[in-house]
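Everything on this sheet refers to the single structure shown next.
Bear in mind these aren't lab numbers, they're just calculated from the coordinates by the rules spelled out. Every value quoted in this text rests on a predicted model; they were computed, and no experiment measured them. Note that we place each Cβ from the backbone using ideal geometry, even for glycine, and neighbour counts take in every protein chain shown.
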Amino acid sequence: MALKLPVLGSVGVVAFVLGCHGEISDRPAPSITQPITDLPCDVETALAGKCWSCHGQMPTLGLPSFTTVAALMAPSRTDPTQSVAAIAVTRMQSTTTPMPPPPATAATASEIALISAWVSAGYPGGSGCGPICTSGKTWTGGNEGAREMNPGMACIHCHSSSDEGPGFSVAGTIYPTVREPDLCYGVGSSSGAQIVITGADGRTMTLTPNGTGNFYSEAPVALPYNAKVITSAGERAMVAAQTSGDCNSCHTQVGANGAPGRIMLP
């Protein structure tokens with residue numbers, strides 16, 4: 001099944017670490033464990049959570065990427081006397097043109113301080129974030145008889161390639177961080193997370209993650225649809241309308257086809 005999902009970002013629309021650019025084959029991209037950035041892990045984590053939906057590996061709308069040291073050190077197009085990262089810090093602090101813009105969850109004071117200190121230190125490089133299973137729990141129940149199975153895996157691909165299991169219109173897994181490995185449990189209903197799907201016909205449905213962090217629906221959805229994740233902390237929304245609901249095909253541990261990584265809480 002082919003997906004067209006955009007990467008997440010922080011300018012113009014909020015993001016949820018959801019999205020794929022371009023067409024993909026019906027085979028899910030394999031998880032790989034090497035880092036995909038040369039940033040320190042704490043810097044990557046802050047940028048992934050607040051910026052990568054638009055400023056990811058494949059930025060939207062011609063925006064700069066925030067995934068490499070070189071890209072963040074480059075002169076800003078709006079003010080060539082400052083770097084892209086320095087302008088990003090200014091925008092995070094702005095009350096008139098904040099980044100990310102509302103209703104996205106604003107960067108915290110600690111995140112802003114972290115990025116600012118990194119810029120002041122001369123943009124030291126790193127090796128990105130390795131795989132971290134935040135929950136400390138891994139699915140070992142195989143492929144039979146449970147709707148909590150295989151968190152992080154491409155649900156629709158798996159169900160459509162066999163004659164077992166229900167057919168889903170939308171399915172994926174929500175995680176607290178961007179680099180969670182396959183089969184690691186995500187966040188459950190206690191997180192308060194809700195996934196809101198709005199079809200092209202204006203109809204909405206609200207999904208709640210189960211015990212492994214998986215969410216899914218068998219109800220038909222008018223394409224293209226829009227999606228967002230909402231919690232009491234804020235929301236992350238898809239940058240553009242989507243034509244397929246197999247979220248984990250692109251939201252792999254390191255991200256496939258332009259997605260920055262896992263679907264993440266606000």
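Structure above, values below:
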read-out	value
Summed residue charge, Cβ within 14 Å of Pro102's Cβ, Lys/Arg positive, Asp/Glu negative	+3
FRET efficiency for Ala113 and Ser76, using Cβ-Cβ distance with R0 set to 25 Å, rounded to 0.05	0.80
Vicinal HN-Hα couplings computed from phi for the range 84-92 (Karplus, 6.51 cos²θ - 1.76 cosθ + 1.60; Hz; Gly/Pro x)	4, 5, 5, 5, 4, 4, 4, 5, 4
Loop-located trypsin sites (Lys or Arg not before Pro) in the range 99-191 whose Cβ has at most 16 other Cβ within 10 Å (DSSP)	Lys137, Arg147
Full-extension gain in nm, Ser160 to Thr138, via 0.36 nm per residue minus C-alpha separation	5.5 nm
